[in-house]
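Before any comments, here is the structure.
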Amino acid sequence: MKRSSLAQKIINAPYILWAALFVIAPLIMVLYYALTDSTGAFSLDSVKQIGDYGGTFILSISYGAVATLISLVIAYPFAYFLAHTKANFQRMSVMLVMLPMWMSFLIRTYSWITILGESGVINSALGKIGIGPLPLLNNGGAVILGMVYNFLPYMILPLYTIMAKMDVRLIEAAQDLGCGKLQVIRKVVFPLSVPGIASGITMVFVPCVSTFYITQKLGGGQVNLIGDVIEAQFQTANNYNLGAALSLVLMVMILICLGVLNYFTDSDDEVNGGVLV
Amino acid sequence: MKNTPVIIDLQNISVSFDGTTILNNINLQIHDGEFVTLLGPSGCGKTTTLRIIAGFLQQDSGDVIFEGKNINGVPAYKRQVNTIFQRYALFPHLNVYENIAFGLRLKKMKEDDIKAKVQAMLELVNLKGFGSRNIDSLSGGQQQRVAIARALAVDPRVVLLDEPLGALDLKLRKDMQVELKNIQQKLGITFIYVTHDQEEALSMSDTVVVMNNGEIQHIGTPIDVYNEPANAFVADFIGESNILDGVMREDFHVEFSGMRFQCVDKGFGKDEPVDVVIRPEDIDVVPAGQGMLQGEVTSVTFKGVHYEIIVDVDNFKWMIQTTQKASVGDIIGISIKPDEMHVMKKSEYSGLYGDYSSFSEEFDELSDPTVVEEEEE
Amino acid sequence: MTKTSKLAKLYIALIFAFLYAPMAVMTVFSFNGSASTYKMSGFSTQWYLRLFNDEVTMNALKNTIILAVVSAAIATAMGTLATIGINSMRNKRLRSGVMSVTNIPMMNPEIVTGISMMLLFVFAGTMLGRKDSLGFATILIAHVTFQLPYVILSVMPKLRQTDSRIYEAAQDLGCHPLKAFFKVVFPQILPGIVSGALMAFTLSLDDFIISYFTNGPAFQTLPIHISR
């Protein structure tokens, strides 16, 4: 069947050109820089150096995994409870969950210094009753806290969305067939919420693994993750080639993680963006 | 109708999509003022045919002639045909009035004329006073009326109706059938109507075009296609039928079920294999031994006006619709008048239909495509 | 299940406290009488006055808003057009290919998106013989790029929901296809376009990581200014 494909080409051309120039080409650039040296000649030096950062990669993944797991554990009951409140309350609560996402990410992170610092809110309160000051800031725990705090809404929203959509009759059917309260959650709610869990994990894990601002502000240089190493190559060390090589590995690593996640959940391509209203 | 001039002439239309043939050499002449129904199961190509006439699809080969002029390349918005869409396709952001006025505004009509026309249309479809209503606030039947008014407002020469009643419930559907037919007769416009519902087709149309697998199987009046189906497909698709394997021994003599019978058909070759169609309501039940054939009753279903009886005659299960009562296990005789036997030439559909051995209510439902489907897109 | 147990309510309240406490603390200290972010010493709006009188900050704010408006406008226009194009693609493989590419900036870590664009700009700059290639243009391109998937993903569902038959119905009644689009399809997808534009705008305002790698000394945004 003939279609007016010319009009279609005119419509698609600007975007396809843009995507090729500014999505595909930059990724090729990463590959190019990773495989050359500072003079632009082909070189595997940067690639060979990646091995030195194996520990950093593992540390980053561990931090990301721990922060993601904590977010999931906190968000899951929250989303479940919220999905079973009154409709008005749900609407308002969703707004309240999203609101912090509109606040500057930097300020959200920075505010924890005010709270956790040596003479911060918590320590000065503790000081009044004769405790402390406790070393709450500049350690791994503070970094994890910062990650969980910053990205918790990204875990809550997909979980809430899927639970709010869940057919109440399914839960009733399960109860009807003899499921206890916990069994309902284990056998019905949980399996049905897997796509939401997957998209929540994606949305929290990726920024956590690659962060550099949180570690710098809340980790005080004590925690050095892959994001910090990459950032340093571009902003201070000026070793673009190594930076590109590390980015390449980071990207591939995350793609593999996402692929594995997708494989297990078979989630829809567009589920991730859909909840980010 | 045949004495009015031809308004649309489809000549050798073929369409294929991704290597599948959707329409295979369609030839169809539609006369001015005629109510033509394209009837067939989903996927038979009826909607495609309609979309080609509307100008939404280009055929791969063949010509569309409108009043003697070839309109092959003419885009939809320049054609003097208007469509009443499946599920109405009303503009949700406009109210009833603006929906109906849509086409008129494009014609740059004066506001007063538009107003008069919209009012007339609202009256025609019995929606007086609904002008300022939102589309969402209307029931399915009301939306259907708006869709009719919108298409008719622009004074089309031909109206194309794509399963327009498919989304309505049975009662409303029957009412709308009558109303649509009345509107068509009142305005004298050509209607080309697409449906998979054979009853709808028979009760509304001047001409029924039965389609299957992208080909026209039979063109004729409702009485024609029912009484003289062109092949086993048409016989089976329209109404219930017992289709038997037979041999035309000579003119007026046909043999089936191992017996030779008198019939009214002629013009077949000597000993030519044929299909014999006998409608269930044309069969008389007589006491065993007195009929032309006899068999055992295997199923009886009460249908209100009649009983539906399945009778096993030498392993061929006949369906009989009769007011006489019989019980499962009875041996009964059946009798058929010569003019109730319709003899057809063998076709690709021979042997596919017409025996009720696998018949059950549920099976009938499953095989009957009453679900409105998005067709061949 | 409409009645919520006390425990559940308490839990919900606790999470909200966790989400909002740091911001409350920040807000309180923004009215602090002294320069400390640790100890409150009297109420004052002096920081706000200083803020509004600080030329560098105000300039950064201006830059941020200009960037957000321009990038969101471009991304919305291009994204909407792209959505229509992608949606009408008949070739399924091509369509899913384009969608995959569209998702890249959303799935990729922001730091990778940021440096990949930086590398492209630096490389292109070297090719063109310009020393300092980073500036308004580059940060604008970067912002449009990362906003595009969000615009497309918010318009796409609206377009999919729109019955394609209303577009045909408009043509059937005599509309030129282009006019038919604006008269009947556009009003249907407008909510998606608006929410896409809003999202693009706020993402731009808040973006730090990608801006961090693609901005130049000549054009600093507020998040960049704050981080320094």
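Annotations for the structure displayed:
- Distant-in-sequence amide contacts of B:His218, defined by a placed amide H-H separation under 5 Å and a gap of 5 or more residues or a different chain, comprise B:Val210.
- Judged by the ratio a/c of the largest to the smallest principal axis of the C-alpha gyration tensor, chain B counts as prolate, that ratio being 1.5 or greater while a/b is larger than b/c.
- CD proxy at 222 nm, helix term only [per DSSP H run n ≥ 4: -39500 (n - 2.57); per residue of chain A; nearest 500]: -23500 deg cm²/dmol
- Annotation note: trypsin sites (Lys or Arg not before Pro) in region B:254-329 located in DSSP loop regions with a Cβ neighbour count of at most 14 within 10 Å are B:Lys266, B:Lys270, B:Lys303, B:Lys325.
- With a 10 Å cut-off around each Cβ of A:97-105, the average count of Cβ atoms from other chains is 4.
- Average beta carbon contacts from partner chains per residue of A:213-225, 10 Å cutoff: 1
- Peptides ranked, highest mean first, by Cβ atoms within 10 Å: ranges C:5-12, C:189-196, C:52-59: C:189-196, C:5-12, C:52-59
- The simple spin-label model puts a point 7 Å past each Cα toward its Cβ; for B:Ser327 and B:Gln290 those points are separated by 2.0 nm.
- The largest-to-smallest principal axis extents of the Cα set in region B:239-367 are 41, 36, 24 Å.
- Size of charge dipole - chain A - debye, nearest 20, with Cβ of Lys, Arg +1 and Asp, Glu -1, no other charges: 780 debye
- Each principal axis of the Cα cloud of chain C was evaluated for its coordinate range; sorted largest first, these ranges are 72, 68, 31 Å.
- Charging the Cβ of each Asp and Glu at -1 and of each Lys and Arg at +1, and nothing else, the dipole of the protein assembly as shown about its Cα centre rounds to 4980 debye.
- The C-alpha radius of gyration of the protein assembly as shown, expressed as a fraction of 2.2 N^0.38 Å, stands at 1.26.
- Hydrodynamic radius of region A:106-223 by the Kirkwood approach over all distinct alpha-carbon pairs: 16.9 Å.
- Positive end of the dipole of region B:207-348 (Cβ unit charges, origin at the Cα centre): among B:Thr298, B:Met211, B:Phe237, the Cα lying farthest that way belongs to B:Thr298.
- Pairs of Cα atoms nearer than 8 Å and 6+ residues apart set the relative contact order; for chain A it is 27 percent.
- Relative contact order of chain C, pairs being alpha-carbon contacts under 8 Å that are 6 or more residues apart, as %: 28 percent
- Spread of Cα-to-Cα distances over 5 Å intervals beginning at zero, given as percent, for region C:96-228: 2, 10, 15, 16, 14, 12, 10, 8, 7, 4, 2, 0, 0
- Sorted by Cβ neighbour density within 10 Å, fewest at the top, the residues B:Asp136, B:Asp60: B:Asp136, B:Asp60
- Pair A:Asn139, C:Leu128: separation of 7 Å Cα→Cβ label points (nm): 5.1 nm
- Relative packing of B:16-23, B:344-351, A:58-65, which averages over residues the other C-beta atoms within 10 Å, highest first: A:58-65, B:344-351, B:16-23
- Other protein chain C-beta atoms within 10 Å of residue C-beta, averaged over C:159-169: 5.
- Per-selection Kirkwood Rh - region B:49-88 (Cα, Å, 1 d.p.): 10.7 Å
- Mean separation of Cα contacts under 8 Å, 6 or more apart, over the residue count of region B:110-263: relative contact order %: 12 percent
- Among A:Trp102, A:Trp18, the ranking by other beta carbons within 10 Å of each residue's beta carbon, starting with the fewest, stands as A:Trp102, A:Trp18.
- Helix B:96-106 and the long axis of chain B differ in direction by around 70°, with both axes built from C-alpha atoms.
- With all pairs of different C-alpha atoms in the average, the Kirkwood value for the hydrodynamic radius of region B:1-141 is 17.5 Å.
- Axial C-alpha extent at least 30 Å, average Kyte-Doolittle at least -0.5 - helices from chain A (DSSP): A:54-83, A:140-165, A:240-265
- DSSP loop trypsin sites (Lys or Arg not before Pro) with at most 12 other Cβ within 10 Å excluded, longest remaining stretch of chain A: A:87-277
- Considering helices alone, the calculated mean residue ellipticity of chain B at 222 nm is -7000 deg cm²/dmol, with DSSP H runs of length four and up weighted by -39500 (n - 2.57) and normalised per residue.
- Globularity index of chain A, i.e. its alpha-carbon radius of gyration over 2.2 N^0.38 Å: 1.23
- Length released on extending from B:Glu98 to B:Gln119, taking residue separation times 0.36 nm less the Cα-Cα span: 6.4 nm
- Projected label distance in nm at A:Leu21 and B:Glu250, using a 7 Å step from Cα toward the beta-carbon: 8.8 nm
- Projecting the Cα atoms of C:Ser100, C:Ile139, C:Ser211 onto the charge dipole of region C:55-227, computed from C-beta unit charges around the Cα centre, puts C:Ser100 farthest toward the positive end.
- Each principal axis of region C:156-202 carries a Cα extent, and these read 40, 17, 10 Å when sorted largest first.
- Going from the residue with the fewest nearby Cβ atoms within 10 Å to the one with the most, B:Asp162, C:Asp132 rank C:Asp132, B:Asp162.
Since every read-out is calculated from the coordinates, none of them should be taken as a lab result. Owing to the predicted nature of the structure, the values given are computational and were not obtained by experimental measurement. Reconstructed Cβ throughout: ideal geometry from the backbone, glycine too, with neighbour counts over all protein chains shown.
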